[in-house]
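**Q** This is the structure I have questions about; it appears just below.
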Amino acid sequence: MGGEIITIGSDSHDPEHLGVGIEEAKSVLKDLGFRYFCTYDKMKPIFWRL
């Protein structure tokens with residue numbers, strides 16, 4: 001659909017689960033053709049190469 005900004009979250013409810021699945025999500029995004037994922041600093045996107 002043309003979107004380019006993708007963020008990734010773990011939806012953890014316990015500290016020991018924080019970040020679980022992030023590496024797998026990055027791999028899936030890369031396989032789907034995405035080149036970057038995004039984080040934000042003061043509401044400005046920062047693009048990170050996959």
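Matching residues to (1) touching a residue at least 40 places away in the same chain (Cβ under 8 Å); (2) hydrophobic (A, V, I, L, M, F, W, C):
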residue	(1), (2)
GLY3	no, no
SER12	no, no
LEU18	no, yes
ILE22	no, yes
VAL28	no, yes
ASP31	no, no
CYS38	no, yes
PRO45	yes, no
TRP48	no, yes
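**Q** Of (1) in a loop (DSSP other than H, G, I, E, B); (2) loosely packed, with under 10 Cβ neighbours inside 10 Å, ILE8 satisfies all except one. Which?
**A** It is condition (2) that ILE8 fails.
**Q** Search region 11-23 for residues being among the acidic types (Asp, Glu) and either assigned to a loop (DSSP other than H, G, I, E, B) or in contact with a Pro (Cβ under 9 Å, 6 or more places away or on another chain) (or both), and hand back the single one that is most open to solvent (accessible area, probe 1.4 Å). Steps first, answer last, please.
**A** Our first condition is that a residue be among the acidic types (Asp, Glu); within region 11-23, this holds for 11, 14, 16, 23.
Restricting the remaining residues to those that are either assigned to a loop (DSSP other than H, G, I, E, B) or in contact with a Pro (Cβ under 9 Å, 6 or more places away or on another chain) (or both) gives 11, 14.
Details: ASP11: 123, ASP14: 67 Å².
Among residues in region 11-23 that are among the acidic types (Asp, Glu) and either assigned to a loop (DSSP other than H, G, I, E, B) or in contact with a Pro (Cβ under 9 Å, 6 or more places away or on another chain) (or both), the one most open to solvent (accessible area, probe 1.4 Å) is ASP11.
**Q** I'm trying to understand the selection: among the residues of region 24-37, which are in a helix (DSSP H, G or I) and either among the β-branched types (Val, Ile, Thr) or exposed (fewer than 10 other Cβ atoms within 10 Å of the Cβ) (or both)?
**A** VAL28, ASP31, listed by residue number.
The values are calculated or read from the model by the stated rules, or taken from the named source; none is laboratory data. Bear in mind that the values here come from a model prediction, so they are computed numbers and not experimental data. Every residue, glycine as well, gets a Cβ built from its backbone with ideal geometry; the counts of neighbours run over all protein chains shown. Side chains are part of the model used for accessible areas, which takes the heavy atoms of the whole protein and leaves out ligands, DNA and RNA. Shrake-Rupley method; radii C 1.70, N 1.55, O 1.52, S 1.80 Å.
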